[in-house]
Amino acid sequence: MNNTASSGAATAPSLTDHDVQAIDKLRTAYSEFAAELGKVIVGQKAVIEQLAICLFARRHALLMGVPGLAKTLLVSKIAETMSLGFSRIQFTPDLMPMDITGTDILQETQDGRREFQFIQGPIFSNIILADEINRAPPKTQAALLEAMQEQRVTVLGKSFELTSPFMVLATQNPVEQEGTYPLPEAQLDRFMFLVELDYPNEEEEIQIARTTTGDDHVKLNQLMGAEEIIAHQRLVRRLPVPDHIYHYAARLVRKTRPQGETAPTWLRPYVSWGAGPRAVQNLILGAKSRAALLGSYMVRMEDIQAVAKPVLTHRIITTFAAQAEGMSAKQIVQRLVEEME
């Protein structure tokens, strides 16, 4: 594997020998993790890589895909393989914030007194699957905001810290939009990646039918625990980034803003709002995590380019003209990346 960096690498701090060994260990662990998930998840290699990037970058992801693509199975098996707690929250129009965070309940003690006791909600786990998040009203969706950003929840004026590692994976159905509440831009921006799941190819679909219609149940091996994952998350933050990578990420994000001077002429009619500063942060973090998972000791240009679409697509708001001409946010990002090369 090529672990060298291009020009500008001399400005980035170097890793210690211990960090180099830790990256080698993480690369091996990720290979084993992907192979283990492959026992029950057919295909979806890019999706598995993107979710792993989010996990080790200490960020959250929004999964977009039609029903039946094993989103729930994938997330639960990630938690099983990582020896992490898993909670699934089915978002519905009548779901209340306290159904997510928990609430105080009046209970009677052994000595006959009555006092309020906080009962934790499903948010108190390591990996949270927020299924069909756009089916709940905005007030309930907002209950996730503090948890995602601060890793804590506030209930009746009291704050409660959430366990580490902590990751929210929310799903949306791109087809059925009746009776849904679209996520506001402020909440979309909290998700590092938009992970899109597509239909399997014919061979994969046949394999799915073979492996899921029998009587065998595959049990996955537990590869690492919470403490080891946290150590890997800290390692990802220490990965060196050359100066030219920072400049590339900033220039790419600034080109998405139609009001800016650097936005290309062709983009202005198609985009009403571009990505904000959090996109630059997530481009760098995503590139760091990907580089570490693949065994590189420094962030490379291909790492930034690989995470550009999942980071930027949901942060670009297209105009009616773009929709009328069939120009999607993903196509806009792809063209920007190609023009930056």
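The values are calculated or read from the model by the stated rules, or taken from the named source; none is laboratory data. These numbers were taken from a predicted model, which means no experiment stands behind them. Neighbour counts run over all protein chains shown; Cβ positions are idealised from the backbone, glycine included.
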Checklist entry - Going through segment 59-76 one residue at a time, which ones are out of contact with any strand residue (DSSP E or B) (no Cβ under 8 Å at 6 or more places or on another chain) and either at pLDDT 85 or above or outside any loop (DSSP other than H, G, I, E, B) (or both)? => result Leu73, Leu74
Checklist entry - Mind checking which residues of segment 229-258 are free of Cβ contacts under 8 Å to residues at least 24 places away in the same chain and touching a strand residue (DSSP E or B) at 6+ places or on another chain (Cβ under 9 Å)? => result Arg257, Pro258
Item to check | Scope segment 125-155; condition at positive phi and charged (D, E, K, R); matching residues | outcome: Glu132
Item to check | Residue among Ile105, Ile123, Ile119 that alone is part of a strand (DSSP E or B) and in contact with a Ser or Thr (Cβ under 9 Å, 6 or more places away or on another chain) | outcome: Ile119
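Okay, residues lined up against (1) at pLDDT 85 or above; (2) among the hydroxyl-bearing types (Ser, Thr, Tyr); (3) surrounded by fewer than 22 Cβ atoms within 10 Å (Cβ to Cβ):
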| position | (1), (2), (3) |
| --- | --- |
| Asn3 | no, no, yes |
| Ser14 | no, yes, yes |
| His18 | yes, no, yes |
| Arg27 | yes, no, yes |
| Ser31 | yes, yes, yes |
| Val40 | no, no, yes |
| Leu55 | yes, no, no |
| Arg88 | yes, no, yes |
Checklist entry - When you scan segment 261-318, how many residues do you find that are among the aliphatic types (A, V, I, L, M) and more than 20 Å from the chain's Cα centre (by Cα)? => result 5
Checklist entry - What residue, of Thr212, Thr262, is farther than 19 Å from Ile41 by Cβ and either of a type outside the set (D, E, K, R) or free of Cβ contacts under 8 Å to residues at least 12 places away in the same chain (or both)? => result Thr262
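Quick check on segment 219-247: of everything there that is β-branched (Val, Ile, Thr) and in contact with a Ser or Thr (Cβ under 8 Å, 6 or more places away or on another chain), which residue is farthest from Ser164 (Cα to Cα)?
Across segment 219-247, the extreme among qualifying residues is Val236.
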Checklist outcome for this item: Picked from segment 135-151 (must be out of contact with any helix residue (DSSP H, G or I) (no Cβ under 8 Å at 6 or more places or on another chain) and of a type in the set (S, T, N, Q)), the residue nearest to Gly65 (Cα to Cα) is Gln149
Next on the checklist: Looking only at residues that are charged (D, E, K, R) and part of a loop (DSSP other than H, G, I, E, B) in segment 218-276, which one is surrounded by the most Cβ atoms within 10 Å (Cβ to Cβ)?
Outcome noted: Lys255
Item to check | Qualifying residues in segment 319-341 (those that are out of contact with any strand residue (DSSP E or B) (no Cβ under 6 Å at 6 or more places or on another chain) and not in a helix (DSSP H, G or I)) - the one farthest from Gln281 (Cα to Cα) | outcome: Glu325
Item to check | Residues satisfying the stated conditions in segment 97-131, i.e. surrounded by 14 or more Cβ atoms within 10 Å (Cβ to Cβ) and over 25 Å from Ala226 (Cβ atoms) | outcome: Pro97, Met98, Asp99, Thr103, Asp104
Next on the checklist: Based on this model, can you work out whether Pro93 counts as touching a residue at least 60 places away in the same chain (Cβ under 8 Å), exposed (fewer than 15 other Cβ atoms within 10 Å of the Cβ) and over 30 Å from Ile208 (Cα atoms)?
Outcome noted: yes
Item to check | Arg135 vs. criteria basic (Lys, Arg), farther than 29 Å from Leu283 by Cβ and free of Cβ contacts under 8 Å to residues at least 12 places away in the same chain | outcome: no
Next on the checklist: Can you tell me which residue is nearest to Lys25 (Cα to Cα) among those in segment 209-234 that are of a type in the set (Val, Ile, Thr) and modelled with pLDDT of 75 or more?
Outcome noted: Ile229
Item to check | segment 259-285 - residue that is touching a strand residue (DSSP E or B) at 6+ places or on another chain (Cβ under 7 Å) and not hydroxyl-bearing (Ser, Thr, Tyr) and, of those, nearest to Phe56 (Cα to Cα) | outcome: Trp273
Checklist entry - Within segment 77-87, can one find any residue that is under 23 Å from Gln151 (Cα atoms), in a helix (DSSP H, G or I), in contact (Cβ under 8 Å) with a residue 24 or more places away in the chain and out of contact with any strand residue (DSSP E or B) (no Cβ under 8 Å at 6 or more places or on another chain)? => result yes
Checklist entry - Among the residues of segment 192-205, is any assigned to a loop (DSSP other than H, G, I, E, B), at pLDDT 75 or above and in contact with a strand residue (DSSP E or B) (Cβ under 9 Å, 6 or more places away or on another chain)? => result yes
